[in-house]
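**Student:** Mind looking over this structure? Questions follow.
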Amino acid sequence: MKNGKTLLKSIAVLCLMLMLVWSAAGCANTAGFVSQTEDENDVAAAVEAPELEPNADDTQTTDDAQTTEDTQATDDAQAADNPEAADAEEISIKDIGSVMIGQTENAEAGTGCTVFISKEGMPAGLDVRGGGPASRESELLDPLAAASSIHAIVLSGGSAYGLGAADGVMKYLEEKNIGYDTGVAKVPLVAQSDLFDLSVGDGSIRPDADMGYEAARIAMESPNYKDGNYGAGCGATVGKIAGMDTCMKTGIGSYAIRIGDLKIGAVVAVNALGDIYDWNTGKKIAGLLTEDGKGFRDTLTYMAMDTAVKDNKFTGNTTLGVVITNASFSKSQLCKIAGMAHDGYARSIRPVHTTADGDSIYAVSAGNVEADQDLVGSLSAMVMSEAINRAVYSADSAYGFKAAKDLKN
C-alpha cells in the first residue's frame, strides 16, 4: 500500500512537472507569435508610411538640374526657329556678294520698280505659286533651259503693262557691254515679275523702259535700296478681299543675316490679297480692316461668308520676293531654295498663293561659299518672313490707305 501511495505521488509530481514544461513551451510559442506579428506590422507600417522629405540641398540640386535641362531645351528650340539665337548676325541686304540693287518710283502715280544686277551674271532659280503671275523671261530659269545665269531681275508694279521696264534695263546693260556673248552681240538676260498696283494711284502711269533704265543706272552707279514705299513697293497694299476701301498700305522690305561665312537675305514687295501675320508671334499686323478702319477683320472668315464662285478678285495683288545668298548653287538647286522660301510666305500671309495672286520668289547665288542646300533653303524661309515684317512696319500711309504704324495696338 505504501508502495502504491508512493507511485501515485511520483505520477502526480511527474504530471505537475509536465504541466510546467508544457506551460513554459506554450508561453514561448505565444511570445514567438506575438513577436512575428509585431514585425509584420512594422513592415506594413514602413510600406505605408509617407516618404521622408528630401534634404533641401538635394531638392535644390534636382530643381537646378531640371531647370537647366528645360532651359537648354527651350534655347535649342529657339535656335532652331531663329538663327539669330545660333550666332547669326543681322547685316544689310546690300552686303551680300556682287548683287547691286537700284529703285525708282513715281510716288504720285503709286508705282515703281526694283532692279537687281550682277555684272558677271548670277545663277538664279524661280518658283511661282500664285495663280496670276505677270512675268518675262521666266523660262530662262527652268532647270532644263540652257542659260546657267542671268544678269538682272526686275520687280515692278504696273501688272503686265509694267513688263516694258526690262527693256530699259537691257538697254543700260548693253551700253555697259554686259550680257551673254552670242558672237554677234552681248545680250543681257533679264527676268521680270510684276505686281498689280493699278488701283492705287494713277493706273494709267506704269513702269516703263525709262524707269527701268534709271533703276539699272542707279543700281550700278549708286545703289539706293531701302525699305518702305519705294521701288516695287511704292503701290503695295494688302487685305483687299472686300475692296480697296478697307485694305492697308504696305511696301518693300528686306532682312539679311550672316552665320560664319554664309550670308543670306531676302527682299520682298508685299502686295497680298490676304492678311499679314508676324511670323514670330502669330499676331496680325496688317490686312483687311473693319469698316470704320479701327481694327482688323479676318480675310478667310470674310471669304467663307459666301461660298459662291467669285469671277474676279483682281483688286490688286501679288507678292514678289528675291532671296540672295553668297553660297554657291546651281540653277536647279536655286529653284528648290526658292520653293522652300515660299514657306516664309505661308507663315506670314493668309490666305496665300491664291488664283488672285501671282506670288513668285527668285533665288540667286552671288558667291562661292560652300553651304548645305537644305540649311540655306530653311533659312530662306525665315529671312523671307522677317522681310515681310519689315515691309509692313516700314511702310507709310499713302493714297488714303493706313499703314501698320498708324494703328493703335
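**Student:** Please list the radius of gyration and Dmax for the stretch 120-246, considering alpha-carbon atoms only, with Å as the unit.
**Tutor:** 15.7, 54
**Student:** How large is ³J(HN,Hα) for each residue in the stretch 171-188, as worked out from phi by the Karplus curve 6.51 cos²θ - 1.76 cosθ + 1.60 (θ = phi - 60°), to whole Hz, x for Gly and Pro?
**Tutor:** Along the stretch 171-188, the couplings run 4, 5, 5, 4, 4, 8, 6, 10, x, 7, 7, 8, x, 10, 7, 8, 9, x Hz.
**Student:** Counting pairs of alpha carbon atoms under 8 Å apart in space and at least six apart in sequence, what relative contact order in percent does the stretch 169-215 give?
**Tutor:** Contact order relative to length: 40 percent.
**Student:** Rule-of-thumb check for the stretch 302-409: C-alpha Rg over 2.2 N^0.38 Å?
**Tutor:** Numbers: Rg = 16.9 Å, N = 108, 2.2 N^0.38 = 13.0 Å.
Ratio of Cα Rg to 2.2 N^0.38 Å: 1.29.
**Student:** Quickly rank 220-233, 367-380, 107-120 as a protection proxy: mean count of other C-beta atoms within 10 Å, highest first. Working shown, then result.
**Tutor:** Values: 220-233: 20.6, 367-380: 17.6, 107-120: 24.1.
Sorting 220-233, 367-380, 107-120 by mean packing, highest first, produces 107-120, 220-233, 367-380.
**Student:** For PHE296, list long-range residues whose amide hydrogen, built 1.01 Å from N in the peptide plane, is under 5 Å from its own amide hydrogen.
**Tutor:** THR290
**Student:** Could you give the length gained on full extension between GLU175 and SER330, defined as 0.36 nm per residue of separation minus the Cα-Cα distance, in nm?
**Tutor:** Computed gain between GLU175 and SER330 is 53.0 nm.
**Student:** Please list 3J(HN,Hα) in residue order for the stretch 223-232, calculated via the Karplus relation 6.51 cos²θ - 1.76 cosθ + 1.60 where θ = phi - 60°; whole Hz, with x for glycine and proline.
**Tutor:** Working through the residues one at a time gives x, 10, 4, 7, 6, x, 7, 10, x, 5 Hz.
**Student:** Further, regarding this structure: Tabulate in residue order the Karplus-calculated ³J(HN,Hα) for the stretch 320-337, using 6.51 cos²θ - 1.76 cosθ + 1.60 with θ = phi - 60°, rounded to whole Hz; enter x for Gly and Pro.
**Tutor:** 10, x, 9, 9, 10, 9, 8, 7, 8, 9, 7, 4, 5, 5, 5, 4, 5, 4
**Student:** Expressed as a rounded percentage, what relative contact order does the stretch 305-409 have, with Cα pairs under 8 Å and six or more residues apart?
**Tutor:** Numbers: 129 pairs, mean separation 34.7, N = 105.
Dividing the mean separation by the residue count of the stretch 305-409 yields 33 percent.
**Student:** What Rg and what Dmax come out for the stretch 114-169 when only alpha-carbon atoms are used, in angstroms?
**Tutor:** Answer for the stretch 114-169, Rg first and Dmax second: 11.7, 33 Å.
**Student:** Okay, moving on. Using the Cα atoms as the points, what is the convex hull volume per residue of the stretch 220-287 in Å³?
**Tutor:** Once divided by residue count, the hull of the stretch 220-287 is 103 Å³.
**Student:** What FRET efficiency comes out for the pair ILE91/ASN280, r = Cβ-Cβ distance, R0 = 22 Å, nearest 0.05?
**Tutor:** Working: r = 19 Å, r/R0 = 0.87.
The pair ILE91/ASN280 has a calculated efficiency of 0.70.
**Student:** Please compute the per residue accessible area over the stretch 106-155 with all protein chains in place, 1.4 Å probe, rounded to a whole number of Å².
**Tutor:** For the stretch 106-155, the solvent-accessible area averages 39 Å² per residue.
**Student:** Just to compare against my own numbers: the Cα pair-distance distribution for the stretch 252-306, 5 Å bins, whole % per bin, please.
**Tutor:** Calculated over all Cα pairs of the stretch 252-306, the distribution is 4, 14, 17, 21, 15, 10, 7, 5, 4, 2, 0 percent.
The values are calculated or read from the model by the stated rules, or taken from the named source; none is laboratory data. Keep in mind the model is a prediction, meaning the values are calculated, not measured. A quick note on method: Cβ atoms are made from the backbone with ideal geometry, for glycine too, and the neighbour counts reach across all protein chains shown. Just so you know, the surface numbers come from the protein's heavy atoms only, side chains and all, with ligands and any DNA or RNA stripped out. Shrake-Rupley method; radii C 1.70, N 1.55, O 1.52, S 1.80 Å.
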